[in-house]
Structures are given as C-alpha cells and as structure tokens.
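Q: Before anything else, here's the structure in question.
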Amino acid sequence: MKALTPLLLTGSLLLPFTVGAGEYQPANLEMGKGWQFMPQLGVGLGYDDNTAHSSADAIDSWYWEVSPEFLIHAGNQVNSYQLSYLVTDGNYEDSSEDDFTDHRVKLDIHHEFTRRHRLNFNYTYYRDHEARGEGITEGFGQDFDEVAEFDVHDVGLIYGFGVPSAKINLDLELGYYDKNYTNLETISQFRDYDSVLGRATVYWRLGPKTSVLFEWDGEDKSYDRSAQGEPSRDSFDQRLLVGFKWDATSKTSGTVKLGYEDRNFDADSREDFDGVAWNVAVDWKPRSYSTFTIDGGSRAKDPDTLGDYVEENSLGVRWTHDWRSRLSTLAAIRYLDESFTGIDRDDELWEATLGATLIWKRWLSTEFEYRYADQSSNIDRLNYDKNLFLATVRLSL
C-alpha cells in the first residue's frame, strides 16, 4: 500500500488542469539587438524508497524538487551564442541528509568562418552532488550525514573542416576537465583530478548520407594527491576506432564504432589495460512519431573507490512514442556490467524507466517518471534495489 501512495498523489497533480491543443513551446522575451531571454520553472514531487542506496534497512522519503532555468540566446545557423543557468533544489521530508542544491552554467558559441571552416566552443560549470551510496560513498551511504558535493569545469573546443557533399570531413577536438570535491575531505581529497582530452575524427563519405569514420581520442588524467601508501592513479588512456555513420537512411540513423583501447598508469604497481573498445548508437523510426534507440559500449574507467580500473560494458534500449500532439511516453531499459581490476569485485546493474509527458497549454506541461534500479555484486554491502517516482509541473512564458 505504501508504494501505491506516490502514484495516487501523482495522479492528483494531473487533475486540476484543462487539456489544450498544441505543443509545449516556451516563449522568448526580446532583449534587443537580436538577444532573447527564455525562463522556465519546474516543480516536482517525488518518492524515493532507498535514498542511500543501502543493501539493508533502506531509508525512504518524499521529496520536493524546484528547478528554475534561464536561457539567453542570439544568432543564426552561421553564428550563434547561448548562455543558460539551471539550479535544482531538492529537499527530503524524512531524510534531510539527502538534501541538495545543484547549479549548472553553460556557454555555447558556434561560428562559421566559411562554408568549410567552423568552430564550436562550449564551457560548462557544475556545482553538483553524488547521492549517498553512489560515487565515493558507494556501499557506505548510511554512514554519511550529507551528500558528496563537487565542482566541475568542463571546456571544449571543436574545429570542423568540410561540407556535407565533400569526400572528406574532419573534426578536431581539444578539451579540459577539472573535478574537485568540496566536502567529505577525509575520502574526497584523493579523488580530485583534472584531465586534458583530445579527439580527431575523419569522415570518408561513401554516399549522400553514409560515411566511414576513423577516430583517435586520448585523455591525460592527473590526480591532485594520493592516499598514504597508495600508488598514483595518474594515467594516459587512448582509443583507436573505425566505424560507420549514416543519417536518416530509410528508417534508421546512427553510428557504430569498433577498435582498440590502451590505458597506461604512471605507477608501475598498477595494472595497465589493453583490449577491444566499441560503441553503438542507432535510432530506428518505424513511424514518424515512434523511435527506438539502441546505445551501448565498452571502456576502461577509473573506479570511484578501490581498484586500478573498471572494465565497463553497457547496453540500453529506449522507446519514445508520440500518441498525439499533447501526449508522449518513454520506456527504457539498461544493463551495465562492471569488472574491477586490482580488487575482487564484479557488479551488474539493471535500470528501467517509464515516463509520460502531458501538454496542457503551450506554456504548461506535466511530466511523470518512474525509475527502478537493481544492483548485484559479489560484495554484499554493494547490493541494493531502488524505486523512485517523480511528477513535475513545468511552466514557462
């Protein structure tokens, strides 16, 4: 009966509004000289039956989310500028330890020098959090009285050469990523790091909408400090991939890549990785209003706690369907397998999502989401399951 209560209350949120035709389309306020301002506000009520991702004695709580968002933009297809700010404030009724306030500031600039030469610059600042029992507190969520908070600076610069009709197109990317935790210093100080990223992708056109691609990407990662007696986690990771890309051919579009990954640690005592790498992202549209998406891949990533690296394999299927102009639904399932090196640990995670969006007016919508997660591990305290319900009313001008 307790699990049904969120559903009943969520349904009551939908009743007061009168359904209107059309789509949710936030309006802009003119600021002069081509600049426009778009505000939005989301207010959500949710229920979480395992806030700390615990294997036993789970904590459950209702919670509120308030998320105002502001967007300033100007330009056209040749030159465009966009600045956005989003703050999400979450408050838990029975578990104040899980309260959070996240901020995101994002700047995007697009400039085309000529038809063949273009440049994209993006910068994102996050003041974000990891829920208790995730990230650096996984397996010990209930031992902490606050969520782990961190700041991220993410910068990217992409130079593109070529036109769609050309035989060869080229993308060159350079990035910088810096992550620093701001609390739980006893453990978090050893997970602060920065990395320099690079990527080069060559597209060889086979037809009007199909290309073969060749890609190299690398990441040089440096941690600020290591725990006493722990070898450095600094590493250089690179991947060589070959793949196939097609755009809206018949009813499908997507990218498939296969190649080789090589990860080397600065510390000789840590075990290096080399092996197969792959990535797939394919959309299939049996109807114009219905889309199936398959995405997945493999990589060697850093663990949040112990171990040298994690071999991660993932595969997900997502279905979105527009039943009419004011009603759309989402169903998704995802499988994640993680095998750790440097520690005896193997995890499997299943995630499922169901969602629906109802458009009442051009400026008013309601979103409903249910999420389920089930993680199994050979380490008992890392096993958990979780149900989360969230209903959000979204408002704009």
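The values are calculated or read from the model by the stated rules, or taken from the named source; none is laboratory data. Bear in mind the structure is a predicted one, so any value in this text is a computation, not a measurement. Backbone-built Cβ (ideal geometry, glycine too); neighbour counts: all protein chains shown. All accessible areas refer to the heavy atoms of the entire protein, side chains included, with ligands and DNA or RNA removed. Shrake-Rupley method; radii C 1.70, N 1.55, O 1.52, S 1.80 Å.
Q: Once you have a ≥ b ≥ c as the square roots of the Cα gyration tensor eigenvalues for region 126-221, tell me rounded if a/c is under 1.5, and otherwise prolate or oblate according to whether a/b is larger than b/c.
A: Values: a/c = 3.88, a/b = 2.93, b/c = 1.32.
Prolate.
Q: With all protein chains present, how much of the accessible area of the chain (probe radius 1.4 Å) comes from carbon and sulfur, to the nearest whole percent?
A: The C+S portion of the solvent-accessible surface of the chain is 56 percent.
Q: How much net charge surrounds residue 270 when only other residues with a Cβ under 9 Å from its Cβ are counted (Lys, Arg +1; Asp, Glu -1)? Provide the component values of the computation, followed by the final result.
A: Details: positive: 233; negative: 266, 268, 271, 272, 308.
My count for the surroundings of residue 270 gives -4.
Q: Something else now. Only Cα pairs under 8 Å and at least 6 apart count here; give the relative contact order of the chain as a rounded whole percent.
A: Over the chain, the number comes to 14 percent.
Q: Could you tell me which chymotrypsin sites (Phe, Trp or Tyr not before Pro) in region 82-122 are loop residues by DSSP with no more than 16 other beta carbons within 10 angstrom of their beta carbon?
A: Sparse-neighbourhood loop chymotrypsin sites (Phe, Trp or Tyr not before Pro): 113.
Q: Explain nothing, just the number: dipole magnitude of the chain about its Cα centre with +1 on each Lys and Arg Cβ and -1 on each Asp and Glu Cβ, in debye rounded to the nearest 20.
A: Working: 39 positive and 69 negative charges, 673 e Å.
Its charge dipole is roughly 3240 debye.
Q: Shifting gears a bit: Quick check: the distance between the Cα centres of region 271-313 and region 219-257, to the nearest angstrom?
A: 10 Å
Q: Run the reach check for residue 209 against lysines, Cα to Cα strictly under 23 Å, same-chain hits fewer than 8 apart removed. What comes back?
A: Counting by Cα, and skipping residues close in sequence, residue 209 has these lysines nearby: 167, 245, 251, 257, 285.
Q: Here is a follow-up. May I ask you to give the solvent-accessible area per residue for region 67-223, in square angstrom, as obtained with a 1.4 angstrom probe?
A: Roughly 52 Å² per residue, with all protein chains present.
Q: Another question, then. Expressed in nm to one decimal, what extension gain is obtained for the pair residue 288 and residue 200 from 0.36 nm per residue of sequence separation less their Cα-Cα distance?
A: Net length gain for the segment: 28.3 nm.
Q: Based solely on its DSSP helices, what 222 nm [θ] is calculated for the chain when runs of n ≥ 4 H residues each add -39,500 (n - 2.57) and the sum is averaged over all residues, nearest 500 deg cm²/dmol?
A: Working: 2 runs with 15 residues, N = 397.
So the helix-based figure for the chain works out to -1000 deg cm²/dmol.
Q: Would you mind computing, in nm to one decimal, how far apart the modelled labels at residue 28 and residue 116 are, each placed 7 Å from Cα along Cα→Cβ?
A: A separation of 3.2 nm, rounded to one decimal place.
Q: With a 10 Å cut-off between alpha carbons and a GNM built on the chain, which of 165, 232, 96 moves the most?
A: For the chain, modelled as a Gaussian network with Cα springs under 10 Å, the answer is 165.
Q: Over the heavy atoms of residue 293, what accessible area does a 1.4 Å probe trace out, to the nearest 10 Å²?
A: The accessible area comes out at roughly 30 Å².
Q: A further question follows. Quick one, which of [x] 161; [y] 143; [z] 182 is the actual volume of the Cα convex hull per residue in Å³ calculated for this model?
A: [x]
Q: Sort out for me the Cα centre separation of region 125-172 from region 377-397, rounded to whole Å.
A: Region 125-172 and region 377-397 have Cα centres spaced 19 Å from each other.
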